[in-house]
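> I'd like to ask you about the structure that follows.
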Amino acid sequence: MSRKLLVAFLLISFMLLATGCNYDQPIDPANGIWDKYFVFPLSWAIDYFAVLLNPTDNPEYDKYGWSIIIVTILIRLLTLPLMMKQLKSSKMMQALQPEMTKIREKYKTDQQKLQQETMKLFQKHNVNPLAGCLPILVQMPILIGIFHAIMRNPDIKTHYFLGFSLGEPLWILAILAGVTTYLQQKVMGGVDNPQMKIIMTVMPVMVVIFAWGFASALSLYWVIGNIFTIVQSYAMKDMYKLNQEGAAK
């Protein structure tokens, strides 16, 4: 299974897990490890910044929307080393695509030789094709945790942000979630890979369908997270290249 297909598999698994959850269950750190170490801290952080932004509880202030944005950015900053590792792996694999295409064409009838030459190419450039999988796996519990923290927080459901209810689905945000997902995949590279082209088409559609069925607070988190990654990828687009000796910088 390729790394991009793994991403799609994990996203589908997340959606299936999320749709089977009981959103009426209160967040209680005594419920187990999941609530104690993932859901409760994230929900607490959202509540903390909401109170910090609006200590007088002025109903006209969109405190929970801004709080979700702050927590999203903080999460992205905390996981930045993992994202950099994933970005580096993506850029290296993108840079090697022309060579990999030549190898596939040359040894398309000899799978054993194809695998050997592909591994030689990776070793030559000091590239690990599985290096981008670990960051994705590590981030999945955080993604599911923030999903629970938002969906099971009763205060978020009763608040508004920029005029829309955070507790109700919003088609504009759902579409923005899909568009920013597509842009995020594009700037992270791999568009010349046929498998990546399929994923870039299917995944944003899945995100839109998923976001359309849940509270707009979740879509807000998704959009802000995607924008952060897009900006990060542009800022680091020239950081990881192949040097003249053929090794990864």
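The values are calculated or read from the model by the stated rules, or taken from the named source; none is laboratory data. Predicted, not measured: the structure shown is a model, and the values here were computed from it. Quick reminder, even Gly has a Cβ in these numbers, built from the backbone with ideal geometry, and neighbours come from all protein chains shown.
> Test each condition in (1) at pLDDT 80 or above; (2) touching a Gly at 6+ places or on another chain (Cβ under 6 Å); (3) among the hydrophobic types (A, V, I, L, M, F, W, C) for Leu183 and report the one that comes out false.
(2)
> Let me ask another. Examine the stretch 217-226 for a residue that is more than 14 Å from the chain's Cα centre (by Cα) and modelled with pLDDT of 75 or more, and state whether such a residue exists.
Yes - at least one qualifying residue is present in the stretch 217-226.
> Further question: Which ones in the stretch 107-121 are surrounded by 11 or more Cβ atoms within 10 Å (Cβ to Cβ) and farther than 18 Å from Leu96 by Cβ?
Selection gives Asp110 alone.
> Does any residue in the stretch 40-63 that is over 23 Å from Pro141 (Cα atoms) and in contact (Cβ under 8 Å) with a residue 40 or more places away in the chain come within less than 6 Å, Cβ to Cβ, of a residue that is among the aliphatic types (A, V, I, L, M) and part of a helix (DSSP H, G or I) six or more places away or on a different chain, and which pairs are these?
What qualifies is Lys63/Ala50; Lys63/Leu53.
> Oh, and also: Here's a check for you: in the stretch 68-96, which residue that is in contact (Cβ under 8 Å) with a residue 60 or more places away in the chain and exposed (fewer than 15 other Cβ atoms within 10 Å of the Cβ) is farthest from Val223 (Cα to Cα)?
Filtering the stretch 68-96 for residues that are in contact (Cβ under 8 Å) with a residue 60 or more places away in the chain and exposed (fewer than 15 other Cβ atoms within 10 Å of the Cβ), the one farthest from Val223 (Cα to Cα) comes out as Leu80.
> Filter the stretch 26-39 down to the residues that are within 18 Å of Pro141 (Cβ to Cβ) and assigned to a helix (DSSP H, G or I) and list them by number.
Within the stretch 26-39, Pro29, Asn31, Ile33, Trp34, Asp35, Lys36, Tyr37, Phe38, Val39 qualify.
> Considering each of Ile68, Ile75, Ile146, Ile150 in turn, give the residue that is under 17 Å from Leu42 (Cα atoms), assigned to a helix (DSSP H, G or I) and touching a strand residue (DSSP E or B) at 6+ places or on another chain (Cβ under 9 Å).
After applying the criteria, what remains is Ile68.
> Return only the number of the condition from (1) surrounded by 18 or more Cβ atoms within 10 Å (Cβ to Cβ); (2) of a type in the set (Lys, Arg); (3) at pLDDT 85 or above that Arg104 does not satisfy.
It fails just one condition, (1).
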